[in-house]
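Below is one structure, written out as structure tokens, with a few remarks after it.
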Amino acid sequence: MTNSLKEFQMTASKLAREAHAQERGVPPPDPYDEKKFPFGRPPGDNKFGFKVCATCGKPPTETGRNDIPKAFLFRNELSVIEYGISGMCQVCQDSVFNCEKVEKESK
Ligand SMILES: [Zn+2]
């Protein structure tokens, strides 16, 4: 992966997280953390064919793997299925579906 692309992704992620924190009062978990989000789906694998998040424009995560170089990472299979329908990243799904309760319970 190139450093500039990674930097762009980290900046986009930071901005999305800050916006989320401002709107909801709590920061979302790091959407690039593969340990927290072990489920992935390739970018564009949704009914709209969007290659970035449909609502915040977040690019997919560089996985560093040859078989799946880029993916959107999700908490569980339900979120993966939702990505296929709406094209939304995990942070946006949490924001829309008000998942703070789930986040607190999983800590
Ligand atoms: Zn998003």
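The values are calculated or read from the model by the stated rules, or taken from the named source; none is laboratory data. Since the structure is predicted, the reported quantities are computational estimates derived from the model, not experimental observations. Every residue, glycine among them, receives a Cβ derived from its backbone with ideal geometry; neighbour counts consider all protein chains shown.
Scan the range 54-62 and tell me whether some residue there is crowded, with 20+ Cβ neighbours inside 10 Å and in a helix (DSSP H, G or I).
Start the filter on the range 54-62 by keeping residues that are crowded, with 20+ Cβ neighbours inside 10 Å, which leaves 58, 60-61.
Imposing the further condition that a residue be in a helix (DSSP H, G or I) reduces the set to none.
Checked against the condition, which is being crowded, with 20+ Cβ neighbours inside 10 Å and in a helix (DSSP H, G or I), the range 54-62 yields no hits at all.
Just to be sure before I move on: is Phe72 aromatic (Phe, Trp, Tyr), surrounded by 15 or more Cβ atoms within 10 Å (Cβ to Cβ), modelled with pLDDT of 90 or more and not in a loop (DSSP other than H, G, I, E, B) in the structure I sent?
Details: aromatic (Phe, Trp, Tyr): yes; surrounded by 15 or more Cβ atoms within 10 Å (Cβ to Cβ): yes; modelled with pLDDT of 90 or more: yes; not in a loop (DSSP other than H, G, I, E, B): yes.
In short, yes.
Can you name the residue in the range 75-98 that is more than 12 Å from the ligand (Cβ to nearest atom) and of a type in the set (D, E, K, R) and is also surrounded by the fewest Cβ atoms within 10 Å (Cβ to Cβ) among such residues? Step through it out loud before you land on a result.
To start, the set of residues in the range 75-98 that are more than 12 Å from the ligand (Cβ to nearest atom) comprises 75-78, 80-81, 84-85, 97-98.
Now restrict to residues that are of a type in the set (D, E, K, R): 75, 77.
Working: Arg75: 20, Glu77: 10.
Step by step, filter the range 75-98, then rank; the result is Glu77.
For the structure I just gave you, tell me whether Gly44 is of a type outside the set (A, V, I, L, M, F, W, C), part of a loop (DSSP other than H, G, I, E, B), away from the ligand (no atom under 13 Å from the Cβ) and farther than 16 Å from Ser95 by Cβ.
Details: of a type outside the set (A, V, I, L, M, F, W, C): yes; part of a loop (DSSP other than H, G, I, E, B): yes; away from the ligand (no atom under 13 Å from the Cβ): yes; farther than 16 Å from Ser95 by Cβ: yes.
In short, yes.
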